[in-house]
Amino acid sequence: MSKKDNKQQKNFEIPRPVFPKRAVVTGGMPYGNKELHFGHVGGMLVFADTYARFLRDRIGKENVIFVSGTDCYGSPIAEGWRKKVADGEFEGTLEEFVQSNHNKQKNTLNSYGISPNLFGASGLGRSKEIHAELTLEVLNALYEKGQLDKITTMQFFDEKAGVFLNGRQVVGKCPVEGCTSEKGYADECDLGHQYMPENLLNPVSTLTGETPTMKPVTNWYFRLRDYEQLLKEWIELLKKRKDVRPVVHKTISEFLQPPVIHIKREFEEKYFTLRDSMPEHEYLEEKKKPSFTIKFTTLSACDDACRILTDNGIRYRTGKTLVPFRLTGNIEWGVPAPELEDSKGLTVWVWPESLWAPISFTQAYLEQEGRNRDEWKDYWCSKDATVYQFIGQDNIYFYGIAEPAIWMALQNAENKTASPDEGELQMPIIVANHHILFLDKKASSSGQVKPPMADDLLDHYTPEQLRMHWLGLGLGQRSVSFMPKPYNPDAKAEDADPVVKDGLLLSNVYNRIIRTAFYTTQNNLDGIMPDLAPEENFLADAEKAVLEYERHMSKFAFHQCTYVLDSYIRNASKYMAKTLKPDTQSKEELSQTLANLFYMIRITASLLHPMAPFGTEKVREYLQVDERIWSWDTILEPLTFFTENNHALKFLPPRTDFFTRHESQFATEE
């Protein structure tokens, strides 16, 4: 078969996944109070980057905008800075503290080959200005549409310090029944459960260690509970989609149940004496449980009941439910809120403004590229586009409940819908990973088990070893433990390192295939790539692998994509070992064998490109072909499609690797 015979892209014969014309990929925003730990990178950002890279290859890089950035505002950042300064670990302003961490985060992403079009910062530079403008637009629009309520609640106040306490300046126990969080803060726990501040159990001020009092404050709240029915309709749409993981709609459903209160069995007799004075509710006996449950039809009735129980010394925990979503607060370090009615000096709570930060980052990127900022609507408000939001499962409440409800509230139509019209903010595809554990335990910077920093892991592994390992863990299906041998005190000397083991497919098998093909061509064909098309069975095998990979990628089944690559690479290795015999083959036979082998190298590189960008770009460099090799418009074409006759490969020096292990791993072997 000649080069000319295979000049046209082979037509696929089976239905293929449909991808949007344009796409936005977002990665959850890390707080500006720290560097990136392994969970930020290995639990979420590597996945967002891989999918963004895939879409660039699949639909064209000009049609994909990948944004993330530093979450600059909020009490975690202000409190982190205060402690660092108090301990003598940092000198400088709060903004300088955030800028320092932002720079470190950007450098870490670069080290791992994570490639957002813009890694912005909600409180720094031009991103800050655009983000503040958008925040005012959103809150003013919600107010004008009658979607906000001004509510007076009780806020923690440290009498000794003489200040109101926000967010992480208060630590206690989450009041939500069944919550396994290690820490509850002012009005949310570290697992994302929302509650009214007065319901936090055993509160303590982080400023003085004292038990805070409660004082009334007034803030603006979004009418989240008004969207319960629309959210239920949205869930039904999600259930029908093959690209939405069950953890998303299951978690959302948990918050759409009637409000309930769980009361310890020891207080049951006392409860019965108060029952008639409480708002109407249903008593659920649940004899075999250590607590009983009372269920209400309205959230206000549940809140009234909580106050009665508290006043009478009855301990209880609330269930998951929708509560008014707070938009403003009195923390100084935040985006200024609009002065609605008589409210002045308020700032926007960090969680709401972080939900639309990816939109402001999209605008900032477009402006940076010299394009019209209004083009953001082509990506966020068009039926031809899709927004893919990569998050951890702890944040489903915000991205899967609060954000969609706010998007619905901003619709111009009088009748809100879960299926927005063209021109309205479209519902995102939420890609939620389960927890990535560390040595079988949930690790977090604020928890008992401290995670390793992402940069520190690069002292033991290459970026691509870590990327391939994390992508292969199957976090879309279940929580999985990250068990790096250098950090595992229980690992024996003879035990294999799971990270190194997963990387061997590239550093050993695929690397050997590429090197052998290059050296054989240099030694026998003067470095000129055979001007032949691959044989038909190799075209068929490639088509099967490509279609299988594409199907898995469309469902964000990254671990399945690694299985496809594993099988395809090992088959190429078997073919090479069985067929490539330079000493006994004729020049024609050797040329055809190499043509087949280079085709498998090319297909592998194209599928691997989103996952292992450093090594695959080096493969492209030595093949001496342009970036069209990555495009899915020509995904099945042989290398000869991109070259002229008698194409010379770049000379490969002896012992040159495309994928390698970390130098520390070789030292260990010696």
- Query: Can you spot a residue in the range 515-538 that is within 24 Å of Met468 (Cβ to Cβ), part of a helix (DSSP H, G or I) and touching a Lys or Arg at 6+ places or on another chain (Cβ under 8 Å)?
  - Reply: no
- Query: If only one of Ser591, Ser664, Ser586, Ser606 is modelled with pLDDT under 95 and not basic (Lys, Arg), which one is it?
  - Reply: Ser664
- Where a residue in the range 610-621 is acidic (Asp, Glu) and its partner, wherever it lies, is at pLDDT 95 or above, with Cβ under 7 Å and at least six apart: Glu621/Lys650
- Taking the condition modelled with pLDDT of 90 or more, among the polar types (S, T, N, Q), assigned to a strand (DSSP E or B) and farther than 24 Å from Tyr73 by Cβ, does Asn219 pass? no
- Query: What single numbered condition from (1) basic (Lys, Arg); (2) closer than 22 Å to Val348 by Cα; (3) more than 27 Å from the chain's Cα centre (by Cα) fails to hold for Arg168?
  - Reply: (3)
- Which of the following residues is more than 18 Å from Leu55 (Cβ to Cβ) and in contact with a strand residue (DSSP E or B) (Cβ under 9 Å, 6 or more places away or on another chain): Ala385, Ala413, Ala418, Ala402? Ala402
- Task: Out of the residues in the range 227-238 that are in contact (Cβ under 8 Å) with a residue 40 or more places away in the chain and not aromatic (Phe, Trp, Tyr), state the one that is surrounded by the most Cβ atoms within 10 Å (Cβ to Cβ).
- Result: Leu231
- Task: Sort out which residues of the range 239-295 are crowded, with 17+ Cβ neighbours inside 10 Å and of a type in the set (D, E, K, R), and write them in order of number.
- Result: Arg245
- Note on the structure: From the option list Lys160, Lys150, single residue qualifying as in a loop (DSSP other than H, G, I, E, B) and over 29 Å from the mean Cα position of the chain (by Cα) is Lys160
- Query: Which of the residues spanning the range 176-216 are of a type in the set (Ser, Thr, Tyr), assigned to a loop (DSSP other than H, G, I, E, B) and surrounded by fewer than 21 Cβ atoms within 10 Å (Cβ to Cβ)?
  - Reply: Thr180, Ser181, Thr206, Thr208, Thr211
- Note on the structure: Lys544 passes all but one of the listed conditions (1) surrounded by fewer than 19 Cβ atoms within 10 Å (Cβ to Cβ); (2) in contact (Cβ under 8 Å) with a residue 60 or more places away in the chain; the exception is number (2)
- Query: Restricting attention to the range 631-650, which residues are assigned to a loop (DSSP other than H, G, I, E, B) and over 40 Å from the mean Cα position of the chain (by Cα)?
  - Reply: Glu644, Asn645, Asn646, His647
- Task: Return the residue satisfying two criteria in turn: it lies in the range 339-353 and is surrounded by fewer than 17 Cβ atoms within 10 Å (Cβ to Cβ) and on the phi < 0 side of the Ramachandran plot, and of such residues it is nearest to the chain's Cα centre (by Cα).
- Result: Glu339
- Message: Could you go through the range 184-191 and let me know if any residue there is at pLDDT below 85, more than 30 Å from Val18 (Cα to Cα), touching a Gly at 6+ places or on another chain (Cβ under 6 Å) and not charged (D, E, K, R).
- Response: yes
- Kindly indicate which of Ala491, Ala517 is at pLDDT below 95 and either touching a strand residue (DSSP E or B) at 6+ places or on another chain (Cβ under 6 Å) or among the hydrophobic types (A, V, I, L, M, F, W, C) (or both). Ala491
- Message: For Asp626, only one of the following conditions fails: (1) touching a His at 6+ places or on another chain (Cβ under 7 Å); (2) surrounded by fewer than 18 Cβ atoms within 10 Å (Cβ to Cβ). What is its number?
- Response: (1)
- Between residues in the range 114-132 that are without any contact (Cβ under 8 Å) to a residue 60 or more places away in the chain and residues that are in a loop (DSSP other than H, G, I, E, B), which pairs lie under 7 Å by C-beta distance while being six or more apart or on different chains? Leu124/Cys72; Lys128/Ser122
- Given (1) within 30 Å of Asp149 (Cβ to Cβ); (2) in contact with a Phe, Trp or Tyr (Cβ under 9 Å, 6 or more places away or on another chain); (3) touching a residue at least 40 places away in the same chain (Cβ under 8 Å), Leu471 misses just (1)
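The values are calculated or read from the model by the stated rules, or taken from the named source; none is laboratory data. Just so it is clear, the structure is predicted and the values come from calculations on it, not from any experiment. All Cβ positions, glycine included, derive from the backbone under ideal geometry; neighbour counts span all protein chains shown.
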